[in-house]
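One structure, pasted below without further comment.
The values are calculated or read from the model by the stated rules, or taken from the named source; none is laboratory data. Just so it is clear, the model here is predicted, and its values are computed rather than measured. Heads up, the Cβs are rebuilt from the backbone with ideal geometry, glycines too, and the neighbour counts pull from every protein chain shown.
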Amino acid sequence: MSGKVMTPDAIVGRLESGMTLGIGGWGSRRKPMALVRALLRSDVRDLTVVAYGGPDVGLLAAAGRIRKLVTAFVTLDSIPLEPHFRAARERGAFELVELDEAMFMQGLTAAAQRLPFLPVRAGLGSDVLRVNPSLRTVTSPYADGEELVAAPALRMDAALVHLNRADALGNAQYLGPDPYFDDLFCEAADTAYVTCERIVGTAELTRDAAPQTLLVSRHAVTGVAETPRGAHFTSCAPDYDRDEAFQKEYATAARTPETWGDFSTRFLAGTGEEDYHLAVEAWHKEQR
């Protein structure tokens, strides 16, 4: 392999404290968790994180790496509210910019198109504008004169996403039910890094799947890393479902500093991704 192939640790080695970092996926679905775990092994901190949040936000919040969070939600899907996010917000650990989902999408689109903002109706008549006083409205220059929210561009220094397949040049493919805006994250960032379940030849990407599954184009990708089960414990359909049992263990461990310390020592203190998966495998065997 050649092209843009890297390792997760090499990708994180290109990130710096103080960056604005976009993280793809959605809630507890197809998150680039191998890269998040590599981030935890680094000294990168003081991040502005832009994400439809899940355990990626939770882990970074628990480690004190977030200065500001821009999000529409932070959830584990089957567990409605991410516990580390909740605890961090309750103690005022970071600044929060909470956007409507459609406003968030328009912000990504504006950044991808190098626009300062895009108009959207979402948020009008709601408390989104009240809790985000920095948001502005614009008036249509046409005869309708409609007032709209100006969703600001969500420009990022770097984006991290996880997809099912990719080639060595950075073309990447999703095979599950939803793209989760990963293409917009890549296009809205100055640099973008893709992890995938498997790196394949370019021809294989189009052999057995529809062309629209080729979500991410190489022009928007800086580096790509093969990371089997790199989204664990989130889902990466159709390769694997969410590890619900382990997610419950994660959420339960977040209840006290002592239980979280035990969890972190067992699952997150290793030197690499292999150590994490071996620890998870051993834990599953204990549950039988």
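Which one is surrounded by the fewest Cβ atoms within 10 Å (Cβ to Cβ) among residues in region 38-74 that are of a type in the set (S, T, N, Q) and over 12 Å from the mean Cα position of the chain (by Cα)? I'd like the intermediate steps shown before the answer.
Within region 38-74, the first condition is being of a type in the set (S, T, N, Q), and the residues that meet it are 42, 48, 71.
Imposing the further condition that a residue be over 12 Å from the mean Cα position of the chain (by Cα) reduces the set to 42, 48.
Numbers: 42: 14, 48: 19.
Per the criteria, the residue is 42.
Say whether the condition of being over 18 Å from residue 151 (Cβ atoms), of a type in the set (Gly, Ala, Ser) and without any contact (Cβ under 8 Å) to a residue 24 or more places away in the chain is met by at least one residue in region 24-46.
First, pick out the residues of region 24-46 that are over 18 Å from residue 151 (Cβ atoms): 24-46.
Next, only the ones that are of a type in the set (Gly, Ala, Ser) stay: 24-25, 27-28, 34, 38, 42.
Adding the requirement that they be without any contact (Cβ under 8 Å) to a residue 24 or more places away in the chain leaves none.
No; the residues of region 24-46 include none that is over 18 Å from residue 151 (Cβ atoms), of a type in the set (Gly, Ala, Ser) and without any contact (Cβ under 8 Å) to a residue 24 or more places away in the chain.
If the requirement is being touching a Cys at 6+ places or on another chain (Cβ under 9 Å) and closer than 23 Å to residue 247 by Cα, which of these qualifies: 27, 22, 54, 58?
The unique qualifying residue is 22.
Right, something else. So, in region 116-130, exactly how many residues are at negative phi and surrounded by fewer than 13 Cβ atoms within 10 Å (Cβ to Cβ)?
Number satisfying all stated conditions: 4.
Across region 224-250, what is the number of residues that are farther than 18 Å from residue 39 by Cα, in contact (Cβ under 8 Å) with a residue 60 or more places away in the chain, among the small types (Gly, Ala, Ser) and outside any loop (DSSP other than H, G, I, E, B)?
1
Got a number for residues in region 251-277 being in contact with a Gly (Cβ under 8 Å, 6 or more places away or on another chain) and either outside any loop (DSSP other than H, G, I, E, B) or more than 21 Å from residue 81 (Cβ to Cβ) (or both)?
Adding up the residues that qualify gives 2.
Additional query: For residue 145, only one of the following conditions fails: (1) assigned to a loop (DSSP other than H, G, I, E, B); (2) over 22 Å from the mean Cα position of the chain (by Cα); (3) modelled with pLDDT under 95. What is its number?
Against the list (1) assigned to a loop (DSSP other than H, G, I, E, B); (2) over 22 Å from the mean Cα position of the chain (by Cα); (3) modelled with pLDDT under 95, residue 145 comes up short only on (3).
Working only within region 1-37, note down all residues that are part of a loop (DSSP other than H, G, I, E, B), of a type in the set (Gly, Ala, Ser) and crowded, with 19+ Cβ neighbours inside 10 Å.
Answer for region 1-37, where residues must be part of a loop (DSSP other than H, G, I, E, B), of a type in the set (Gly, Ala, Ser) and crowded, with 19+ Cβ neighbours inside 10 Å: 24, 25, 27, 28.
Could you grab me the full set of residues in region 235-278 that are small (Gly, Ala, Ser) and closer than 30 Å to residue 179 by Cα?
Answer for region 235-278, where residues must be small (Gly, Ala, Ser) and closer than 30 Å to residue 179 by Cα: 235, 237, 245, 251, 254, 272.
Shifting gears a bit: Name the one entry in 10, 51 that is at pLDDT 95 or above, of a type in the set (A, V, I, L, M, F, W, C) and closer than 20 Å to residue 234 by Cα.
Criteria check complete, one pass: 51.
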